[in-house]
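Worksheet: the structure to be examined is printed underneath.
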Amino acid sequence: MKIALMFSGQGAQYLGMGKSLYDNFDCAKKIFDQADQILGYSLSSIMFEDEDKLNDTLYTQVAMFTLYVATLEVLRYKGVEAYYSMGLSLGEYGAMYHNNVFDFETGLKLLEQRGKFMQEASSNVEGKMSAILGMDADTLHSLIDQVNGYVKIANYNTYGQLVISGEEQAVLELNALALEQGAKRAILLNTSGPFHTELMKEASEKLGEYIDPIEFKDPDYHLLLNTSGTYFEEGIKQEMVSQITNSVLFYQMIEQCLDDGIDTFIEIGPKKTLCGFVKKVNRKVTVCNVEDVESLEATLKKLEE
């Protein structure tokens with residue numbers, strides 16, 4: 001068995017995520033308590049009791065990261081080891097933590113600033129994101145050329161599911177055009193800005209300034225990167241900066257793992273979205289997720305089979 005970990009992206013969060021692990025594992029509770037102490041406010045209360053704040057990117061990013069780390073602690077406690085990891089957008093920071101690129105406090109403070117920078121950049125532009133279902137990338141690229149304004153493919157999630165991002169009118173125009181040309185659905189996403197586009201350049205520049213004096217380690221294991229769709233070679237800071245404005249090559253990372261004999265994918269974080277993406281690429285591999293005690297037990301049972 002060859003395992004890869006996948007860390008869910010922003011947008012998958014829900015009220016009460018992590019509560020089951022918090023209540024049942026001291027190692028998970030310790031991480032939540034540390035987060036509260038480092039941030040200077042009760043993040044756990046927001047995650048378990050305040051949906052509005054949880055969906056505010058200022059809190060979402062640190063909340064998701066805390067859940068990633070708490071879940072990793074539980075998996076380690078249960079003896080689960082993996083040497084390949086990746087994440088969808090924000091989830092990449094979970095994969096970096098798994099690879100010991102930075103410690104928990106550094107990652108938490110970094111994502112607190114990243115959330116702030118992204119919120120500020122989003123408030124300065126009229127942007128939208130939309131999921132296009134049932135259309136291949138080449139066809140969608142050809143339609144982008146026919147649209148007025150700035151829009152691009154921001155996420156290559158899986159076969160037949162792409163996410164576009166850009167100026168609001170351009171996104172709406174491309175939605176209509178894609179549906180005319182045979183896309184099954186075009187779904188506007190509830191995001192606070194046009195992520196993974198040049199419209200977020202201000203956020204990437206500010207993040208670059210923030211991380212400049214910080215020392216990061218090179219990954220200990222096999223870290224797959226959003227911006228290349230393949231393994232880290234050099235320049236972890238450049239990846240953090242460019243990821244904010246570059247497309248997320250998620251199914252390309254899955255293809256790389258499959259080429260290297262990965263047969264088991266474990267999604268860490270809320271919901272099972274990434275498991276669904278993997279199954280679209282290859283139905284034969286084992287996919288499982290860990291977000292609470294029930295899913296943890298199901299995953300451990302699968303790993304024993």
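Among the residues of the range 1-24 satisfying the criterion of being of a type in the set (Gly, Ala, Ser) and within 18 Å of the chain's Cα centre (by Cα), which is nearest to residue 69 (Cα to Cα)? Show your work before the answer.
Keep residues of the range 1-24 that are of a type in the set (Gly, Ala, Ser), which gives 4, 8-9, 11-12, 16, 18, 20.
Within this subset, residues satisfying the condition of being within 18 Å of the chain's Cα centre (by Cα) are 4, 8-9, 11-12, 18.
Values: 4: 16, 8: 12, 9: 14, 11: 18, 12: 16, 18: 11 Å.
Going through the qualifying residues, I end up with 18.
For residue 64, the requirement of being at negative phi, in contact with a strand residue (DSSP E or B) (Cβ under 6 Å, 6 or more places away or on another chain) and touching a residue at least 12 places away in the same chain (Cβ under 8 Å) is not met. Of the residues 251, 221, the single one that is open to solvent by 20 Å² or more (accessible area, probe 1.4 Å), out of contact with any helix residue (DSSP H, G or I) (no Cβ under 7 Å at 6 or more places or on another chain) and among the hydroxyl-bearing types (Ser, Thr, Tyr) is 221.
Quick one: which strands (runs of 3 or more DSSP E) lie wholly within the range 53-167 and hold at least 3 residues that are touching a helix residue (DSSP H, G or I) at 6+ places or on another chain (Cβ under 6 Å) and under 23 Å from residue 231 (Cβ atoms)? Break it down into steps so the answer makes sense when it comes.
On the way: elements: 84-87, 127-133, 151-158, 161-167.
Those strands (runs of 3 or more DSSP E) span 84-87, 151-158.
Please state which one of 105, 173, 167, 180 is under 29 Å from residue 34 (Cβ atoms), at pLDDT 95 or above and among the charged types (D, E, K, R). Walk me through it before giving the result.
Values: 173 fails: under 29 Å from residue 34 (Cβ atoms); 167 fails: under 29 Å from residue 34 (Cβ atoms); 180 fails: under 29 Å from residue 34 (Cβ atoms).
Just a single option satisfies the conditions, and that option is 105.
Looking across 77, 97, one residue alone is over 21 Å from residue 271 (Cβ atoms) and open to solvent by 10 Å² or more (accessible area, probe 1.4 Å). It is 77.
Yes/no matrix, rows are residues, columns are (1) surrounded by 15 or more Cβ atoms within 10 Å (Cβ to Cβ); (2) under 15 Å from residue 244 (Cα atoms):
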{"position": "153", "(1), (2)": "yes, yes"}
{"position": "157", "(1), (2)": "yes, no"}
{"position": "164", "(1), (2)": "yes, yes"}
{"position": "182", "(1), (2)": "no, no"}
{"position": "193", "(1), (2)": "yes, yes"}
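Of all residues in the range 34-44, one or more are charged (D, E, K, R), open to solvent by 10 Å² or more (accessible area, probe 1.4 Å), farther than 24 Å from residue 198 by Cα and over 16 Å from the mean Cα position of the chain (by Cα).
For the range 225-237, which positions are closer than 19 Å to residue 111 by Cα, open to solvent by less than 50 Å² (accessible area, probe 1.4 Å) and under 19 Å from the mean Cα position of the chain (by Cα)? Don't jump to the end; show me each part of the working.
Going residue by residue through the range 225-237, those that are closer than 19 Å to residue 111 by Cα are 225-227, 235-237.
Cutting the leftovers down to open to solvent by less than 50 Å² (accessible area, probe 1.4 Å) gives us 225-227, 235-236.
Scanning the range 225-237 gives 225, 226, 227, 236.
If you go through the range 9-37 and pick out every residue that is touching a residue at least 40 places away in the same chain (Cβ under 8 Å) and either outside any helix (DSSP H, G or I) or touching a Cys at 6+ places or on another chain (Cβ under 8 Å) (or both), you end up with 9.
Residues of the range 192-236 being in a loop (DSSP other than H, G, I, E, B), among the small types (Gly, Ala, Ser) and farther than 19 Å from residue 258 by Cα, which ones?
Of all residues in the range 192-236, those in a loop (DSSP other than H, G, I, E, B) come to 192-197, 212-221, 225-230, 232-235.
Now narrow it down to the ones that are among the small types (Gly, Ala, Ser): 192-193, 228-229, 235.
Once the filter is applied, which keeps residues that are in a loop (DSSP other than H, G, I, E, B), among the small types (Gly, Ala, Ser) and farther than 19 Å from residue 258 by Cα, the range 192-236 yields 192, 193, 235.
Checked against (1) assigned to a loop (DSSP other than H, G, I, E, B); (2) open to solvent by less than 40 Å² (accessible area, probe 1.4 Å); (3) among the small types (Gly, Ala, Ser), residue 242 passes all but a single condition, namely (1). Here residue 122 clears all of (1) modelled with pLDDT of 95 or more; (2) more than 14 Å from the chain's Cα centre (by Cα) except the condition numbered (1). Working only within the range 113-138, note down all residues that are open to solvent by 50 Å² or more (accessible area, probe 1.4 Å) and polar (S, T, N, Q). 119, 123, 124, listed by residue number.
I need the full set of residues from the range 254-266 which are open to solvent by 10 Å² or more (accessible area, probe 1.4 Å) and among the hydrophobic types (A, V, I, L, M, F, W, C), in order please. Of everything in the range 254-266, just one residue is open to solvent by 10 Å² or more (accessible area, probe 1.4 Å) and among the hydrophobic types (A, V, I, L, M, F, W, C), namely 258.
Of the residues 178, 186, the single one that is surrounded by 23 or more Cβ atoms within 10 Å (Cβ to Cβ) and over 30 Å from residue 16 (Cβ atoms) is 178.
The values are calculated or read from the model by the stated rules, or taken from the named source; none is laboratory data. Since this is a predicted model, take the numbers as computed values, not measurements. So basically every Cβ, Gly included, is an ideal-geometry build from the backbone, and we count neighbours across all protein chains shown. We work out accessible area using only protein heavy atoms, side chains counted, and drop any ligands, DNA or RNA first. Shrake-Rupley method; radii C 1.70, N 1.55, O 1.52, S 1.80 Å.
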